[in-house]
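Trainee: Mind having a look at this structure? Questions to follow.
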């Protein structure tokens, strides 16, 4: 359990998706639609989660690019859009397909000569595509097609891989059948994490995090909070790890809201926790400085202050020398350039990426 959270990687894995998004727009989360039809594919995860919660079902999540990759459209034609597949799958799953076809983005780009009704339809489609892009970032999608089995809350039970592209409905069903025991184990862990003896709940939460890929662990933020509440005396010695993990989860959301300064502040606040070991405090302070340096700020003195505090927190750690070197390089840059530190904050942001003590 030592190397449980790769929080810097998680934060920046999603930040690229957000580059063109509006801060105010991203802070508005749409409510689920009314009268959701879960008898077929749903085209967004907000409605998919709402349907899954109502029907107490898991989610089969499919990221596609029908006119981009070489497989999505073919798989839909041969398997996923067939009545036999849909009718059988919807007995246990809510089907969600987030498609990123170029044609959808073209359709969402309003024509200046379009009617008001057409412009409204394009605007609504663009909102939905932005939602889907956000979810693609949350699930760290690198390519389409991609498949996930989720809980109704959106936790990742399993990413589904095929050794060879399936050709029939039965091949997909057989692949899902092979996961039955793993899915059942996850269900049992969730139940154990939510109720029972404290020690058993803590162990189950640890196991949930171990079973989840590092870049997807921030989806389990509510369990971070629960762990901290359950182990107030830090009897497991793991509370500091979950304090950092919770800061990471919140920082990811701030990045989706295009607020990197708030993301930095999450780690600065975490560094004050009494549960952190010196090394964890160093990680938190370094990450606060790293995020601050990449926020566009002109306050290079604060960046250096974060780095100095990070070094001082654990001067004998494996990463301390790297942090000290970064501080010296920053100071040397100021001396050589003869300009104020504020003008050099972008250079510090680049230096910070050369050594990431927080990423394990």
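The values are calculated or read from the model by the stated rules, or taken from the named source; none is laboratory data. Being a predicted model, the structure only gives us computed values, none of them experimental. Using ideal geometry, Cβ is built from the backbone for each residue, glycine included, and neighbour counts are taken over all protein chains shown.
Trainee: Can you confirm whether residue 95 is under 26 Å from the mean Cα position of the chain (by Cα) and either part of a helix (DSSP H, G or I) or loosely packed, with under 11 Cβ neighbours inside 10 Å (or both)?
Mentor: no
Trainee: Continuing with the same structure: Could you look through the stretch 81-92, keep only residues that are in a helix (DSSP H, G or I) and touching a residue at least 60 places away in the same chain (Cβ under 8 Å), and pick out the one that is surrounded by the fewest Cβ atoms within 10 Å (Cβ to Cβ)? Steps first, answer last, please.
Mentor: Looking only at the stretch 81-92, we keep the residues that are in a helix (DSSP H, G or I), and these are 83-89.
Next cut, touching a residue at least 60 places away in the same chain (Cβ under 8 Å) only: 84-85, 88.
Working: 84: 11, 85: 19, 88: 14.
The residue in question is 84.
Trainee: Search the stretch 258-290 for residues being part of a loop (DSSP other than H, G, I, E, B) and touching a helix residue (DSSP H, G or I) at 6+ places or on another chain (Cβ under 8 Å), and hand back the single one that is farthest from residue 242 (Cα to Cα). Please lay out each step first, then the result.
Mentor: Let us first name the residues in the stretch 258-290 that are part of a loop (DSSP other than H, G, I, E, B), namely 258-259, 271-277.
Still in the list and also touching a helix residue (DSSP H, G or I) at 6+ places or on another chain (Cβ under 8 Å): 258-259, 271, 273, 275-277.
On the way: 258: 24, 259: 22, 271: 12, 273: 11, 275: 9, 276: 9, 277: 12 Å.
Within the stretch 258-290, the match that is farthest from residue 242 (Cα to Cα) is 258.
The rows are residues; the columns are (1) at pLDDT 50 or above; (2) surrounded by 21 or more Cβ atoms within 10 Å (Cβ to Cβ); (3) touching a helix residue (DSSP H, G or I) at 6+ places or on another chain (Cβ under 8 Å); (4) under 30 Å from residue 286 (Cβ atoms).
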position	(1), (2), (3), (4)
1	no, no, yes, yes
15	no, no, yes, yes
25	no, no, yes, no
30	yes, no, yes, no
33	yes, no, yes, no
63	yes, yes, yes, no
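Trainee: Among the residues that make up the stretch 249-261, is at least one of them closer than 20 Å to residue 157 by Cα and not assigned by TED's automatic domain parsing to the domain that holds residue 148?
Mentor: Yes: one or more hits.
Matching residues to (1) at pLDDT below 95; (2) over 30 Å from residue 253 (Cβ atoms); (3) surrounded by fewer than 16 Cβ atoms within 10 Å (Cβ to Cβ):
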site: 102; (1), (2), (3): yes, no, yes
site: 109; (1), (2), (3): yes, no, yes
site: 113; (1), (2), (3): yes, yes, yes
site: 117; (1), (2), (3): yes, yes, yes
site: 125; (1), (2), (3): yes, no, no
site: 169; (1), (2), (3): no, yes, no
site: 179; (1), (2), (3): no, no, yes
site: 184; (1), (2), (3): no, yes, yes
site: 191; (1), (2), (3): no, no, yes
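Trainee: Next question. Only one of these is in contact with a strand residue (DSSP E or B) (Cβ under 7 Å, 6 or more places away or on another chain), assigned to a helix (DSSP H, G or I) and either buried (at least 17 other Cβ atoms within 10 Å of the Cβ) or not assigned by TED's automatic domain parsing to the domain that holds residue 58 (or both): 219, 129, 208. Name it.
Mentor: 219
Trainee: Does residue 295 meet the test of being at pLDDT 95 or above and farther than 21 Å from residue 226 by Cα? First the steps, then the outcome.
Mentor: Details: at pLDDT 95 or above: no; farther than 21 Å from residue 226 by Cα: yes.
The answer is no for residue 295.
Trainee: Residue 152: in contact with a helix residue (DSSP H, G or I) (Cβ under 9 Å, 6 or more places away or on another chain), surrounded by 13 or more Cβ atoms within 10 Å (Cβ to Cβ) and modelled with pLDDT under 95, yes or no? Break it down into steps so the answer makes sense when it comes.
Mentor: Working: in contact with a helix residue (DSSP H, G or I) (Cβ under 9 Å, 6 or more places away or on another chain): yes; surrounded by 13 or more Cβ atoms within 10 Å (Cβ to Cβ): yes; modelled with pLDDT under 95: no.
Taking the combined requirement at face value, the residue does not satisfy it.
Trainee: Output the number of residues of the stretch 291-312 satisfying the condition of being in contact (Cβ under 8 Å) with a residue 40 or more places away in the chain and outside any helix (DSSP H, G or I).
Mentor: The total comes to 4.
Trainee: Let me ask something additional. In this structure, is residue 54 free of Cβ contacts under 8 Å to residues at least 24 places away in the same chain, over 21 Å from the mean Cα position of the chain (by Cα), assigned by TED's automatic domain parsing to the domain that holds residue 153 and farther than 15 Å from residue 132 by Cα?
Mentor: yes
Trainee: Can you tell me which condition residue 259 does not meet? The list is (1) without any contact (Cβ under 8 Å) to a residue 40 or more places away in the chain; (2) surrounded by fewer than 20 Cβ atoms within 10 Å (Cβ to Cβ); (3) at negative phi, and all the others hold.
Mentor: Against the list (1) without any contact (Cβ under 8 Å) to a residue 40 or more places away in the chain; (2) surrounded by fewer than 20 Cβ atoms within 10 Å (Cβ to Cβ); (3) at negative phi, residue 259 comes up short only on (1).
Trainee: Let me ask you something else. Going by what's in this entry, would residue 114 be described as touching a helix residue (DSSP H, G or I) at 6+ places or on another chain (Cβ under 8 Å), in the same structural domain as residue 56 (by TED's automatic domain parsing) and more than 30 Å from residue 236 (Cα to Cα)?
Mentor: So residue 114 passes the test.
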